[in-house]
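Report on one structure; see the data block that follows.
The values are calculated or read from the model by the stated rules, or taken from the named source; none is laboratory data. Bear in mind the structure is a predicted one, so any value in this text is a computation, not a measurement. Please note: Cβ atoms are built from the backbone with ideal geometry, for glycine as well, and neighbour counts cover all protein chains shown.
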């Protein structure tokens, strides 16, 4: 796949973003960990809180990354940003206002896989460092691919009925954004493909051998 920018230009965009907005990555990380902890503890309104944090992730990545930085090297980033805002609106509508997105950690096969993907998303910048990138020229927490990975993992923790609409944009981005894994050598994004494939299989109704789960 021929991209309209080079690997160096791609990493330079992250460098500019990280230098200007690095506190946002820390704040988003802390808010996300707090929301996930509430889900793990089964706290009241935990699912709505996590839905709100995921909506914040998608809105932030759409505006602060796609529109403010990525558009300088990729004209398609304007469309990408709009798509991310659509997903933010879906998360707000389904998860916060309607309460149709529920997240619950159980001792089941899909949940173990979901937790693995969520933890990977939380550690995404560290994985970048381990695989040869250097700060600030690396994707940090809160940009599109870790946001997508986090959402794919979280949707595995809920019933299919609520997850199907919310999964459309993350699954699309798992395909589009994975071009970085192939064309640009961003190794962490290979896991995004695995997470997208796992969620797609889950939404199609395939159950792991550990037993049935309510739909």
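Looking only at region 45-54, count every residue that is more than 22 Å from residue 22 (Cβ to Cβ) and either in contact (Cβ under 8 Å) with a residue 60 or more places away in the chain or crowded, with 23+ Cβ neighbours inside 10 Å (or both) and tell me the total.
Residues in region 45-54 being more than 22 Å from residue 22 (Cβ to Cβ) and either in contact (Cβ under 8 Å) with a residue 60 or more places away in the chain or crowded, with 23+ Cβ neighbours inside 10 Å (or both): 3 in total.
When only residues in region 55-76 that are crowded, with 17+ Cβ neighbours inside 10 Å and free of Cβ contacts under 8 Å to residues at least 24 places away in the same chain count, which is farthest from the chain's Cα centre (by Cα)?
It comes out as 71.
Can you go through 128, 175, 196 and tell me which one is crowded, with 17+ Cβ neighbours inside 10 Å and within 21 Å of residue 83 (Cβ to Cβ)? Walk me through it before giving the result.
Numbers: 128 fails: within 21 Å of residue 83 (Cβ to Cβ); 175 fails: crowded, with 17+ Cβ neighbours inside 10 Å.
So the residue among 128, 175, 196 that is crowded, with 17+ Cβ neighbours inside 10 Å and within 21 Å of residue 83 (Cβ to Cβ) is 196.
Condition (residue is crowded, with 17+ Cβ neighbours inside 10 Å, over 12 Å from residue 54 (Cβ atoms) and modelled with pLDDT of 95 or more) applied to region 85-103: is it met by at least one residue?
Going residue by residue through region 85-103, those that are crowded, with 17+ Cβ neighbours inside 10 Å are 85, 87-88, 90-92, 94-96, 100-103.
Filter once more, keeping what is over 12 Å from residue 54 (Cβ atoms): 85, 100, 102.
Next, from what is left, pick out any that are modelled with pLDDT of 95 or more: 85.
Yes, there is a match, as at least one residue in region 85-103 is crowded, with 17+ Cβ neighbours inside 10 Å, over 12 Å from residue 54 (Cβ atoms) and modelled with pLDDT of 95 or more.
Go through region 178-193 and count every residue that is in a helix (DSSP H, G or I) and surrounded by fewer than 21 Cβ atoms within 10 Å (Cβ to Cβ). Walk me through it before giving the result.
If we filter region 178-193 for residues that are in a helix (DSSP H, G or I), which is where we start, we get 179-183, 187-193.
When the remaining residues are screened for being surrounded by fewer than 21 Cβ atoms within 10 Å (Cβ to Cβ), the result is 179, 181-183, 187, 190, 193.
Looking only at that region, the number is 7.
Sort out which residues of region 32-47 are outside any helix (DSSP H, G or I) and either on the phi > 0 side of the Ramachandran plot or touching a helix residue (DSSP H, G or I) at 6+ places or on another chain (Cβ under 7 Å) (or both), and write them in order of number.
Answer for region 32-47, where residues must be outside any helix (DSSP H, G or I) and either on the phi > 0 side of the Ramachandran plot or touching a helix residue (DSSP H, G or I) at 6+ places or on another chain (Cβ under 7 Å) (or both): 42, 45.
What residue, of 14, 80, is surrounded by 20 or more Cβ atoms within 10 Å (Cβ to Cβ), under 23 Å from residue 184 (Cα atoms), out of contact with any helix residue (DSSP H, G or I) (no Cβ under 8 Å at 6 or more places or on another chain) and at pLDDT 95 or above?
Being surrounded by 20 or more Cβ atoms within 10 Å (Cβ to Cβ), under 23 Å from residue 184 (Cα atoms), out of contact with any helix residue (DSSP H, G or I) (no Cβ under 8 Å at 6 or more places or on another chain) and at pLDDT 95 or above holds for just one of 14, 80, which is 14.
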